[in-house]
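Read the structure below first, then the notes.
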Amino acid sequence: MKHPAELIIERAGAMGVEVPPAVADRLAGLLQAMIREPQNLSSVRDIDTAVSVHVVDSLSGLLVPQVRDAPAICDLGSGGGFPGLALAAMRPDVPVTLVESEGRKADWLRRAAVPFPNVRVVADRSETLARAERAGHPIVTARALGALPVVMELAAPLLAPGGWLVAWRGRRDPDSGPAPAAAAAELGLHGAPDIDVTPIPGVSRYFSVWEKVGNTPDRYPRRPGMATKRPLP
């Protein structure tokens, strides 16, 4: 079997993302450490599968111009570190903020981020961070965070005017109704065309991309948990 770093270079290259060998080595080490971590950071325990599911899927974000050219990135619900740490490895010149409310996962992120001087870990809820750093981030990313209206409510208050929310999405059906558009209008967001990607052969995904074109009302985000409990209509 090929070394995980080789797999990262090969599979990312197949979708159009060139990964330098030193970066691939670092990401392979991160992936192996995540799999060995006693706490359950991922249900994927096979390194070959993890390369595609975590690293390559995260790096597909670089196919989105707003992410590829971002001056700074705020990643919500960073969990085991993907996509945030993968993007930080590829963009060492860009400050990356990882937001994770679960204490043990945040502790893991602090340890995992040691080799990445451009990474800051915020061990708090995004709702709380939005009060401290309102309208301060040019790009907010979110992967496997929840329904799109929920992601929008958590991200919009953090976005600077003209900033972008870039959300990794799997299937279109759950987001195909009017709810995302209604939530966007309420939060000051405007949708850009979706971007389709195939990070894993035979598995199509897309990015939902939203620009901050207006002010987000001060009442958002609501208190922690409300975005999920009572999503915007």
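Just so you know, in the stretch 211-227 the residues that are farther than 25 Å from Pro138 by Cβ and not charged (D, E, K, R) include one that is surrounded by the most Cβ atoms within 10 Å (Cβ to Cβ), and it is Met226. Restricting the stretch 175-196 to residues that are part of a helix (DSSP H, G or I) and among the charged types (D, E, K, R) leaves a set whose member that is modelled with the lowest pLDDT is Asp175. Restricting attention to the stretch 14-58, and to residues there that are exposed (fewer than 12 other Cβ atoms within 10 Å of the Cβ) and of a type in the set (Gly, Ala, Ser), which single residue is farthest from the chain's Cα centre (by Cα)? Residue satisfying both the conditions and the ranking: Ala22.
Considering the conditions (1) farther than 28 Å from Ala14 by Cα; (2) surrounded by 17 or more Cβ atoms within 10 Å (Cβ to Cβ); (3) among the small types (Gly, Ala, Ser), Gly103 is excluded by exactly one of them, (2).
How about the stretch 130-147: which of its residues are farther than 18 Å from Leu31 by Cα, surrounded by fewer than 22 Cβ atoms within 10 Å (Cβ to Cβ), under 15 Å from the mean Cα position of the chain (by Cα) and of a type in the set (A, V, I, L, M, F, W, C)?
Leu145, Ala147
Only residues that are crowded, with 24+ Cβ neighbours inside 10 Å and within 22 Å of Gly163 (Cα to Cα) were counted across the stretch 68-86, and they come to 11.
Of the residues Glu153, Glu211, Glu133, which single one is in contact with a Lys or Arg (Cβ under 8 Å, 6 or more places away or on another chain), closer than 22 Å to Val99 by Cα and not aliphatic (A, V, I, L, M)?
Glu153 is the lone residue from the list that is in contact with a Lys or Arg (Cβ under 8 Å, 6 or more places away or on another chain), closer than 22 Å to Val99 by Cα and not aliphatic (A, V, I, L, M).
Could you tell me whether the stretch 152-174 includes any residue that is among the charged types (D, E, K, R), in a helix (DSSP H, G or I) and surrounded by fewer than 19 Cβ atoms within 10 Å (Cβ to Cβ)? Yes: the stretch 152-174 contains one or more residues that are among the charged types (D, E, K, R), in a helix (DSSP H, G or I) and surrounded by fewer than 19 Cβ atoms within 10 Å (Cβ to Cβ).
Taken together, Pro83, Pro92 contain a single residue that is of a type outside the set (Val, Ile, Thr), touching a residue at least 40 places away in the same chain (Cβ under 8 Å), under 13 Å from Val119 (Cα atoms) and touching a Phe, Trp or Tyr at 6+ places or on another chain (Cβ under 9 Å), which is Pro83. Would it be correct to say that Glu127 is acidic (Asp, Glu), under 21 Å from Lys212 (Cβ atoms) and surrounded by fewer than 21 Cβ atoms within 10 Å (Cβ to Cβ)? Considered against the rule, which asks whether it is acidic (Asp, Glu), under 21 Å from Lys212 (Cβ atoms) and surrounded by fewer than 21 Cβ atoms within 10 Å (Cβ to Cβ), Glu127 comes out as yes.
The values are calculated or read from the model by the stated rules, or taken from the named source; none is laboratory data. Just so it is clear, the structure is predicted and the values come from calculations on it, not from any experiment. Every residue, glycine as well, gets a Cβ built from its backbone with ideal geometry; the counts of neighbours run over all protein chains shown.
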